[in-house]
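K.L.:
Have a look at the structure that comes next, please.
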Amino acid sequence: MTLTFDNSYARDLPGTYLRVVPDPAPAPRLLVLNQPLAAHLGLDLDAGDAESWFSGASLPPGADPIAQAYAGHQFGGFSPQLGDGRAHLLGEISGRDGQRLDIQLKGSGRTPFSRGGDGKAAVGPMLREYLISEAMAALGIPTTRSLAVVATGATVWRETALPGAVLTRIAASHLRVGTFQFFAARGDKAQLRAVADYAIARHDPDHAAGDHPYLAFLDAVIDRQARLIAEWMGVGFIHGVMNTDNMAISGETIDYGPCAFMEGYAPGTVFSSIDHQGRYSYANQPVILGWNIARLAEALVPLIDPDPDRAVDLANGRLESISGRYRAEWIGVMRRKLGLVGEDPGDADLSDDLMTAMAGADWTLTFRRLANEATLRPLFEDFRGMEAWLPRWHARAGEGAAQRVAAANPAVIPRNHQVEDALAAATAGDMAPFQALLAAVQDPFVEREAYMLPAPSGFGTYVTFCGT
Ligand code: AMP
Ligand code: MG
C-alpha cells in the first residue's frame, strides 16, 4: 500500500507550524478502518499498514508530520496560542476527484503546543468522533471524515486509567478561523497574507484574481458556514464547543468533542459540562456563527483594503448580511424537511409555527412522522398545537409530501444513550455494539426500530465532556 503525499502546507507556509513526530504507539491494534472512505480516496489499505501508520507506530513514506499553529476564542476569551497540542498533520493526498485532503493523526502525542496536556486521547472519545462524523457524512452534512481508530496499547489518565487511541482524520484542510487570528494577533501581516493566499488557492481559487480577493474569501466562508449551521440545526446537531479554533474555513464540521444530537426539541439545549451560560446551546449556534465570522473579519481587515476605514466598512457590510443569509439557508433546509416544493411567502411562518407546536417532542421523529398522524401523535404530550398546524401543512405541501418527507428526514441519528452504551462496551473491549450502531447511522434513512427510540426515561440529563 502506498499513499502519495504532496505536502503543500509544510512546503508553502514555513513559520506557521512546527515539525514534530507522533509518539510511537507501543502495541497498536486496529479498532475500526473505514474501507468505503479509503476506496473513495483511491487508497488500497491493508490492515497491517493501517495499524502501524494510523497509530503513529511508523510513518508512511512521504509523510512530513507537523503541528499547526493557531489561536482562538474559547468561550469568548482569546488565547493567542493554541495549536495542535495532540495532533500531527501527516501531509496531503489527493482524493479520486483530485481534491487535496489533509491526513491528520489525533491523540498521537505531545507537541510544543500541548501546554499542560498529555497529547493523548482515549478510545471512547476517538470512536465518538469516528461515529458522529460518519453519521454527519451519511446525513449529507459537510464534515471532516474518519479513516481509522487504532488503540495504541498505552494508558491514558483521565479520572481513571483508560485505553489510548489515535484517530485518523481526513479534512479538506485544517485551516480554522483561529489560524488567521494567530498571525493577526501578532501583527504579522506578511504571514497573515501568506496564509490567506494559501487558503484562497486551496478553497476559493476563483476569487484570487478579483478586485477584493480577501473580501470575496470572507464572503465564501460566510456562505459555507451559514449553510453548515443551517444543516446542523436541521438535524438537531449541537456542536458544543464552537470556539473560533473549531470553525474550519472549508465549511466542514470539525472537532467532535462534547457534541450531541438533541432529542426532545428545546431551543436552550446544552450538553457540554463546561457550557454553563448556554453560549453554544442549540438555538445560539446561528448567533455564534456571526460572532465567529466577525473574529475572522477582524483578522482579515489588514488585507481587505489599504485604507483601514474602508476595509472596516467593507467587512461590516458582509457581517451585516450574515443573519439574513443564515435565515435564507434555514428556510431552505425547512422547506426540504417539510417536503415543500417551490417557495411560498408563508413558508417562514409555517416553519416557525411548527417550532412552537412541537416544543418537547422528539426532533428527529417528529419530522420523520409528519405525514403519519397515528405514529406522530404518541410523540407529543399535548397535540393541540399540531392539530391546528397539520392542516396548514397538508394544504401547502400537497401531493407526494409523504415521500419527500421520508427522503429528507433521517430515521436514525446517533442517539445519546446508544452512543454511550457502544463506547462503554468498546472501552471494555467489545466492538460489536459500536459496529452495529455505526452501520445504522451510516444508513440513516432506513428505519431500524432498535436505533430510533429516544433515551429511556431513566437515562436522565445527558452531559458531555471536552478535551478528553
Ligand atoms: P479542543 O477543545 O479539543 O478543540 O482543543 C483545544 C486546544 O487544546 C487545542 O489546542 C488542542 O490541541 C488542545 N488539547 C486538547 N486536548 C489535549 C491534550 N490531551 N493534550 C494536549 N493538548 C490538548
Ligand atoms: Mg479544536
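None of the figures in this text is laboratory data; all of them are computed from the coordinates on show. These numbers come from a predicted model, not from an experiment. Don't worry about glycine lacking a Cβ; one is built from the backbone with ideal geometry, like all the others, and counts go over all protein chains shown.
K.L.:
Straight-line reach from Lys189: which aspartates and glutamates have Cα under 18 Å away, leaving out those fewer than 8 places along the same chain?
P.N.:
Excluding near neighbours in sequence, the set is Asp12, Asp197, Glu298, Asp305, Asp307, Asp309.
K.L.:
Here's a follow-up. Normalised radius of gyration for region 8-171, please: alpha carbon Rg relative to 2.2 N^0.38 Å, two decimal places.
P.N.:
So region 8-171 has a normalised radius of gyration of 1.01.
K.L.:
Putting +1 on Lys and Arg Cβ atoms and -1 on Asp and Glu Cβ atoms, find which of Leu147, Gly91, Trp157 reaches farthest to the positive end of the dipole of region 8-171.
P.N.:
Of the listed residues, the answer is Trp157.
K.L.:
Related question: Run lengths n ≥ 4 of DSSP H only: what is the helix-derived mean residue ellipticity at 222 nm for the chain, with -39500 (n - 2.57) per run over all residues, to the nearest 500?
P.N.:
Dividing the helical sum by the residues of the chain leaves -13000 deg cm²/dmol.
K.L.:
Going 7 Å from the Cα of Asp421 toward and past its Cβ, which residues in region 429-468 have a backbone nitrogen under 11 Å from where you end up?
P.N.:
Counting backbone N atoms under 11 Å from the label point, the list is 433-434, 437, 450-456.
K.L.:
Collect residues whose amide H, placed 1.01 Å from N in the peptide plane, falls under 5 Å from the amide H of Ser58; neighbours closer than 5 in sequence don't count.
P.N.:
Trp53
K.L.:
Treat each spin label as a single point 7 Å out from the Cα along the C-beta direction, and report the Gln81 to Asp353 distance in nm.
P.N.:
5.8
K.L.:
Now, a different point. What's the exposure ranking of Ile304, Ile288, going from fewest to most Cβ atoms within 10 Å?
P.N.:
Arranged by neighbour count, lowest to highest, Ile304, Ile288 become Ile288, Ile304.
K.L.:
For Gly264, list long-range residues whose amide hydrogen, built 1.01 Å from N in the peptide plane, is under 5 Å from its own amide hydrogen.
P.N.:
Amide H to amide H, under 5 Å and 5 or more residues apart or across chains, Gly264 pairs with Trp363.
K.L.:
How do Val405, Val446, Val149, Val177 line up, fewest other C-beta atoms within 10 Å first?
P.N.:
The most exposed by this proxy come first: Val446, Val405, Val177, Val149.
K.L.:
Please compute the alpha carbon radius of gyration of region 376-468, then divide it by the globular-protein estimate 2.2 N^0.38 Å. Two decimals is fine.
P.N.:
Dividing the Cα radius of gyration by 2.2 N^0.38 Å gives 1.41.
K.L.:
Amide H neighbours of His73 under 5 Å, counting only residues 5+ apart in sequence or on other chains, H built in-plane at 1.01 Å?
P.N.:
Ser79, Thr244, Asp245
K.L.:
Using a Förster distance of 41 angstrom, determine the FRET efficiency expected from the C-beta separation of His394 and Ala450, and round it to 0.05.
P.N.:
That pair, His394 with Ala450, gives E of 0.85.
K.L.:
On the first, second and third principal axes, largest extent first, how far apart are the outermost C-alpha atoms of region 240-282 in Å?
P.N.:
On the principal axes, region 240-282 reaches 30, 19, 15 Å in Cα extent.
K.L.:
Please work out the FRET efficiency for the pair Glu320 and Val341, using the Cβ-Cβ distance as r and a Förster radius of 22 Å; give the result to the nearest 0.05.
P.N.:
For R0 = 22 Å, the calculated efficiency reads 0.10.
K.L.:
Could you calculate the contour length gain from Ser273 to Ala328, that is, 0.36 nm times the residue separation minus the distance between their Cα atoms, to one decimal place in nm?
P.N.:
Taking 0.36 nm per residue and subtracting the Cα distance, the gain is 16.6 nm.
K.L.:
Apply the Karplus curve 6.51 cos²θ - 1.76 cosθ + 1.60, θ = phi - 60°, to the phi angles in region 434-442 and return the couplings in whole Hz, x for Gly and Pro.
P.N.:
Running phi through 6.51 cos²θ - 1.76 cosθ + 1.60 with θ = phi - 60° gives 5, 4, 5, 5, 4, 4, 5, 6, 7 Hz.
K.L.:
Take the alpha carbon atoms of the chain, find their radius of gyration, then divide it by 2.2 N^0.38 Å using N residues; give the quotient.
P.N.:
This ratio for the chain stands at 0.98.
K.L.:
Can you tell me the dipole magnitude for region 1-157 around its Cα centre, using point charges on the Cβ only (Lys, Arg +1; Asp, Glu -1), in Debye to the nearest 20?
P.N.:
Working: 12 positive and 15 negative charges, 95 e Å.
Value, rounded to 20: 460 debye.
K.L.:
On full extension of the chain, what length is gained from Ala266 through Ala436, given 0.36 nm per residue of separation minus the C-alpha to C-alpha distance?
P.N.:
That works out to 58.3 nm of additional length.
K.L.:
Could you work out the equivalent-ellipsoid semi-axes for region 118-229, taking the square root of 5 times each eigenvalue of the Cα gyration tensor, largest first, in whole Å? Please list the in-between numbers first.
P.N.:
Values: eigenvalues 235, 71, 24 Å².
Gyration-tensor ellipsoid for region 118-229: 34, 19, 11 Å.
K.L.:
Additional query: Note down the nm distance, to one decimal, between modelled labels 7 Å out along Cα→Cβ at Ala27 and at Thr160.
P.N.:
Modelled inter-label distance: 1.9 nm.
K.L.:
How large is Rg/Rh for region 253-317, to two decimals, with Cα atoms and a Kirkwood Rh?
P.N.:
Rg/Rh for region 253-317 comes to 1.16.
K.L.:
Which whole-percent values make up P(r) of region 34-78 when all C-alpha to C-alpha distances are grouped in 5 Å steps starting at zero?
P.N.:
P(r) for region 34-78, in whole percents per bin: 5, 15, 17, 17, 13, 8, 11, 10, 3.
K.L.:
For the chain, what is the charge dipole size about the Cα centre, in debye to the nearest 20, if Lys and Arg each add +1 at the Cβ and Asp and Glu each add -1 at the Cβ? Mind dumping the intermediate values first?
P.N.:
Details: 39 positive and 54 negative charges, 118 e Å.
Charge dipole of the chain: 560 debye, to the nearest 20.
K.L.:
Can you put Lys337, Lys189 in order of Cβ neighbours within 10 angstrom, beginning with the fewest?
P.N.:
The order, fewest Cβ neighbours first, is Lys189, Lys337.
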